[in-house]
Amino acid sequence: MIEFSHLYKSYDKKNHALKDINLKIDSGEFVFLMGPSGAGKSTFFKMITAYDSPTSGKIKVGSFDLNSMKEKDLASYRRRLGIVFQDFKLLPDRTVYENVSLPLRVQKHHETFVRKRATEVLELVGLAEKFDQFPEFLSGGEQQRTAIARAIIHQPGVLIADEPTGNLDPEMSSKIIDVFEKVCAQGTTVVIATHDHELVKRKNKKTIELRNGSVFQMSL
Ligand code: ADP
């Protein structure tokens, strides 16, 4: 569960990047975060990832109270998160398997377990046959599915994605959202920032719309 209460974030004295945000996202929910450029979406994600802290107000994610979190707990908190970016951020000189398995190898898991999990997540995103391929030989949609596999290999409780379909055509975008829905169906909370009104309309999910740092409207 993600809970914002009376959360404000200001980068300077006059302007609020986020203004009195009060909302709850339940465990296992699928949410689109919308709003024009400058509305506060990246700041909203920075609050969830604890890469920045609120000016005032509270944020809790699962059992973690992010306001009072100690530096030493940050790493274990962030291991509960998965993050997907618009530009995929794959390592070009590593295969799909090497990219996807990186989070587990950093944690020094046994190779047998890593291969098993990588196979599972690549099957989930529909890329099992690309195991040994290099990113440059993949389409944009396949690269993004590789990035999603990497983001979920450690079974995060929360998956956030900042404009994950921003570089993809409508058909590919729809398929990427289908993959996020599969991840959500396995119990992960999914929050996706997007500008794509058409996509959001088609998918009929909970939507939080930010404008000038405030929640403008929330649907479902
Ligand atoms: P979005 O992701 O919806 O485009 P942001 O969260 O990036 O919106 O920005 C919200 C507001 O906060 C904007 O007015 C932006 O200029 C301001 N802002 C964001 N990050 C910073 C920063 N590091 N320093 C100063 N102002 C910032």
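The values are calculated or read from the model by the stated rules, or taken from the named source; none is laboratory data. Remember, it's a predicted structure, so these values are computed and weren't measured experimentally. Don't worry about glycine lacking a Cβ; one is built from the backbone with ideal geometry, like all the others, and counts go over all protein chains shown. The protein model used for the area step is the full one, side chains on, heavy atoms only, and it has no ligands, DNA or RNA in it. Shrake-Rupley method; radii C 1.70, N 1.55, O 1.52, S 1.80 Å.
Annotations
- For the range 199-214, the criterion of being assigned to a strand (DSSP E or B), of a type outside the set (D, E, K, R) and open to solvent by 10 Å² or more (accessible area, probe 1.4 Å) is met by at least one residue.
- For L159, the conditions (1) more than 13 Å from the chain's Cα centre (by Cα); (2) surrounded by 15 or more Cβ atoms within 10 Å (Cβ to Cβ); (3) more than 16 Å from the ligand (Cβ to nearest atom); (4) not in a helix (DSSP H, G or I) are fulfilled apart from (1).
- Pair list, Cβ < 8 Å and 6+ apart or interchain, from the range 66-93 residues that are under 20 Å from V183 (Cα atoms) to residues that are of a type in the set (K, R): L90/R150
- Of all residues in the range 135-162, those satisfying the criterion of being touching a residue at least 60 places away in the same chain (Cβ under 8 Å) and among the aliphatic types (A, V, I, L, M) are A147, I148, A151, I152, V158, L159, I160, A161.
- Residue match in the range 107-122 (condition: over 19 Å from P92 (Cα atoms), open to solvent by less than 10 Å² (accessible area, probe 1.4 Å) and not in a helix (DSSP H, G or I)): no
- Selected residue (criterion: most open to solvent (accessible area, probe 1.4 Å)) from residues of the range 66-98 that are assigned to a loop (DSSP other than H, G, I, E, B) and of a type in the set (S, T, N, Q): Q86
- Conditions (1) within 11 Å of the ligand (Cβ to nearest atom); (2) over 20 Å from the mean Cα position of the chain (by Cα); number of the one not met by E71: (1)
- Checking D132 against (1) in a helix (DSSP H, G or I); (2) without any contact (Cβ under 8 Å) to a residue 60 or more places away in the chain; (3) not small (G, A, S), the condition it does not meet: (1)
- When E171 is tested against (1) over 17 Å from the mean Cα position of the chain (by Cα); (2) surrounded by 13 or more Cβ atoms within 10 Å (Cβ to Cβ), just one condition goes unmet, and that condition is (2).
- Of everything in the range 51-65 that is part of a loop (DSSP other than H, G, I, E, B) and away from the ligand (no atom under 15 Å from the Cβ), the residue that is surrounded by the fewest Cβ atoms within 10 Å (Cβ to Cβ) is S63.
- Qualifying residue in the range 211-220 (condition: more than 16 Å from the ligand (Cβ to nearest atom), among the aliphatic types (A, V, I, L, M) and under 21 Å from F88 (Cβ atoms)): no
- Any hit, the range 3-14, residues being away from the ligand (no atom under 16 Å from the Cβ), touching an Asp or Glu at 6+ places or on another chain (Cβ under 9 Å) and modelled with pLDDT of 95 or more: yes
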